Amino acid sequence: MSGDYDIVIIGGGLSGGSLALALQGSGYRIAVVEAFSDEQRRSLPAGDRALALSCGTVCHLKSLGLWDELQQHSAAILDIHISDRGHFGKTRLSARTEGVEALGYVIAARILEDRIASALEISDIERICPARLTSFKPARDSISLTLRKETSDLTLSTRLLVGADGVNSSVRCFLNIGQETRDYHQTAIVTQVRPDIDPAGAAFERFTATGPLAMLPTLDRGCSVVWTQTSAAAEQIMALDDKDFLTRLQNTFGFRLGRLTLESKRVQFPLKLVRAKAMIGPRSVLVGNTVHQLHPVAGQGFNLGMRDVALLAERIRDDLGKDRDPGGNRLLNAYAASRTKDHETLIRFTDGLVRIFSNEWLPLIGARGLGLLGLDRCYWGKHLFTRYAMGLGGRLPRIGTGLTG
């Protein structure tokens, strides 16, 4: 195996793997470096989480030739019910009203990871797995990398290094790019339940005083639960036996879908808003969770990462007849400039939702109830909101503030 590449992607998961697939056939020599073997990856708890795929993300997966198989393992979201628990505000979004087949789809992260890994195996992209980045030395025209693979070291060179290795990215650390972080002091409890009543494609977002409770439709009439609690309350809830846990969950969600039955173990994830202070460095770029990690309140973090990947692949392909340098300053600066607005808009929106709907100040409760009712009755406002949630463009209101440590 020669150590000279045009593009090396550190992280072969959802973002890194899909970027590699988007670039196959470009004429560039590409390597994907993954820290975990496929067997190790399948045992990670992160694979248990459900991903809400926007229509924009589905279009990207179609372009990669992955969607036909993935659709068989996905549940369509036909309606979204948004409410403020214990208060009067409600909004409903509908695929039928929008004239689309679905507002989005729900799929297990592990299924998508497996499909991407399988596609990489039969592509012309080299997978180096398991291996970890241990050193980094940029030069004018390339970057020299050292990887630790089992008990030996590999030395590679690349014209573009892509960091797609998650929030604790080694690439970001080697580039000395800092992070802005806001700890929400919340934890997401994730599990699967089966309700008595078929959700029939309906997704529910219930805002509560301790954080949002999302119920997403899955195959076979099930629901994926993402239940946000304060960190202290989450510890208590995770300590409950299954019967008491279900009682607590049922009392919070209500009986809109009848009684709930627990279908899987519970896992928990601490919630923070994290954003890298820069997207690019010398012949390097960060994508996906490496550059941003959002609260799951709107289910848009993964879709934001997919937009990173789609646009970066487009920029690199468009450059083939020009400089033909995937790590050139002009290309990387243009990419970063084109992604800034989308990042800032969605970060402000999700952060604002968390702050507004976790606040029990009475005037704010009334204002957010009126806001939900107003959105429900304003066709054009709801239309624009829905299209943005579907990843098809539009603007979101500026309800959030910037990061403050």
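Go through segment 30-46 residue by residue and tally those that are surrounded by fewer than 20 Cβ atoms within 10 Å (Cβ to Cβ) and of a type in the set (D, E, K, R).
The total comes to 3.
For segment 250-262, give me the residue count where each residue is of a type in the set (Val, Ile, Thr) and in a helix (DSSP H, G or I).
Matching residues across segment 250-262 total 1.
Of the numbered conditions (1) in a loop (DSSP other than H, G, I, E, B); (2) surrounded by 14 or more Cβ atoms within 10 Å (Cβ to Cβ), Arg140 fails exactly one; give the number of that condition.
Only one criterion is unmet by Arg140, namely (2).
Please indicate, with yes or no, whether at least one residue in segment 84-100 is of a type in the set (Asp, Glu), at pLDDT below 95, part of a loop (DSSP other than H, G, I, E, B) and surrounded by fewer than 20 Cβ atoms within 10 Å (Cβ to Cβ). Step through it out loud before you land on a result.
Step one: filter segment 84-100 for residues of a type in the set (Asp, Glu), giving 84, 98.
Subsequent filtering for residues that are at pLDDT below 95 retains 84, 98.
Those left that are additionally part of a loop (DSSP other than H, G, I, E, B): none.
No: segment 84-100 contains no residue that is of a type in the set (Asp, Glu), at pLDDT below 95, part of a loop (DSSP other than H, G, I, E, B) and surrounded by fewer than 20 Cβ atoms within 10 Å (Cβ to Cβ).
With Leu304, Leu311, Leu273 as the choices, which residue is in contact (Cβ under 8 Å) with a residue 40 or more places away in the chain and not in a strand (DSSP E or B)? It would help to see each step written out before you state the result.
Values: Leu311 fails: in contact (Cβ under 8 Å) with a residue 40 or more places away in the chain; Leu273 fails: not in a strand (DSSP E or B).
Step by step, each of Leu304, Leu311, Leu273 is checked, and only Leu304 is in contact (Cβ under 8 Å) with a residue 40 or more places away in the chain and not in a strand (DSSP E or B).
From the list Ser18, Ser37, Ser74, pick out the single residue that is modelled with pLDDT under 95 and either of a type in the set (D, E, K, R) or on the phi < 0 side of the Ramachandran plot (or both). Even if it seems obvious, please write down each step before you answer.
On the way: Ser18 fails: modelled with pLDDT under 95; Ser74 fails: modelled with pLDDT under 95.
From the options Ser18, Ser37, Ser74, the qualifying one is Ser37.
All but one of (1) within 29 Å of Leu312 (Cα to Cα); (2) in contact with a strand residue (DSSP E or B) (Cβ under 9 Å, 6 or more places away or on another chain) hold for Arg41; which doesn't?
Condition (2) is where Arg41 drops out.
What are the pairs, 6+ residues apart or on separate chains, where a residue within segment 215-232 that is over 10 Å from Val190 (Cβ atoms) and hydrophobic (A, V, I, L, M, F, W, C) has its Cβ under 7 Å from a residue that is modelled with pLDDT of 90 or more and part of a helix (DSSP H, G or I)?
Met215/Phe253
Just checking, which of Asn289, Asn333 is touching a strand residue (DSSP E or B) at 6+ places or on another chain (Cβ under 9 Å), at pLDDT 85 or above, outside any strand (DSSP E or B) and surrounded by fewer than 16 Cβ atoms within 10 Å (Cβ to Cβ)?
Values: Asn289 fails: surrounded by fewer than 16 Cβ atoms within 10 Å (Cβ to Cβ).
Exactly one of Asn289, Asn333 is touching a strand residue (DSSP E or B) at 6+ places or on another chain (Cβ under 9 Å), at pLDDT 85 or above, outside any strand (DSSP E or B) and surrounded by fewer than 16 Cβ atoms within 10 Å (Cβ to Cβ), namely Asn333.
Looking at Thr261, Thr208, can you tell me which residue is surrounded by 14 or more Cβ atoms within 10 Å (Cβ to Cβ) and touching a residue at least 40 places away in the same chain (Cβ under 8 Å)? Give the derivation first.
Working: Thr261 fails: surrounded by 14 or more Cβ atoms within 10 Å (Cβ to Cβ).
From the options Thr261, Thr208, the qualifying one is Thr208.
Would you please name the residue that is nearest to Arg41 (Cα to Cα), looking only at residues in segment 119-137 that are in a loop (DSSP other than H, G, I, E, B) and of a type outside the set (A, V, I, L, M, F, W, C)?
From segment 119-137, those in a loop (DSSP other than H, G, I, E, B) are 122-125, 129-131; that's our starting set.
Pick out the ones that are also of a type outside the set (A, V, I, L, M, F, W, C) and you get 123-124, 130.
On the way: Ser123: 20, Asp124: 22, Pro130: 10 Å.
Looking at residues that are in a loop (DSSP other than H, G, I, E, B) and of a type outside the set (A, V, I, L, M, F, W, C), I get Pro130.
Inspect all residues belonging to segment 182-190 and state whether any of them is farther than 26 Å from Tyr105 by Cβ, crowded, with 20+ Cβ neighbours inside 10 Å, out of contact with any helix residue (DSSP H, G or I) (no Cβ under 7 Å at 6 or more places or on another chain) and aromatic (Phe, Trp, Tyr).
The answer is no, given that none of the residues of segment 182-190 is farther than 26 Å from Tyr105 by Cβ, crowded, with 20+ Cβ neighbours inside 10 Å, out of contact with any helix residue (DSSP H, G or I) (no Cβ under 7 Å at 6 or more places or on another chain) and aromatic (Phe, Trp, Tyr).
Take Leu294 and tell me if it is at pLDDT below 90 and of a type outside the set (S, T, N, Q).
Details: at pLDDT below 90: yes; of a type outside the set (S, T, N, Q): yes.
Judged against the criteria, Leu294 is a match.
Out of the residues in segment 215-249 that are outside any helix (DSSP H, G or I), touching a Ser or Thr at 6+ places or on another chain (Cβ under 8 Å) and of a type in the set (A, V, I, L, M, F, W, C), which is farthest from Gly352 (Cα to Cα)?
Checked segment 215-249; the qualifying residue farthest from Gly352 (Cα to Cα) is Leu219.
Starting from residues that are within 18 Å of the chain's Cα centre (by Cα) and in a strand (DSSP E or B), keep the ones in segment 32-69 and report whichever is nearest to Arg266 (Cα to Cα).
Ala50
Is it the case that some residue within segment 147-159 is farther than 29 Å from Gly25 by Cβ, surrounded by fewer than 18 Cβ atoms within 10 Å (Cβ to Cβ), hydrophobic (A, V, I, L, M, F, W, C) and modelled with pLDDT of 90 or more? Let's see the steps before the verdict.
To start, the set of residues in segment 147-159 that are farther than 29 Å from Gly25 by Cβ comprises 148, 150-153.
Checking the rest, the ones that are also surrounded by fewer than 18 Cβ atoms within 10 Å (Cβ to Cβ) come to 148, 150-153.
Add one more test, that the residue is hydrophobic (A, V, I, L, M, F, W, C), and what stays is none.
No; the residues of segment 147-159 include none that is farther than 29 Å from Gly25 by Cβ, surrounded by fewer than 18 Cβ atoms within 10 Å (Cβ to Cβ), hydrophobic (A, V, I, L, M, F, W, C) and modelled with pLDDT of 90 or more.
The values are calculated or read from the model by the stated rules, or taken from the named source; none is laboratory data. Since the model is a prediction, treat every value here as computed from it, not as a measurement. Quick reminder, even Gly has a Cβ in these numbers, built from the backbone with ideal geometry, and neighbours come from all protein chains shown.
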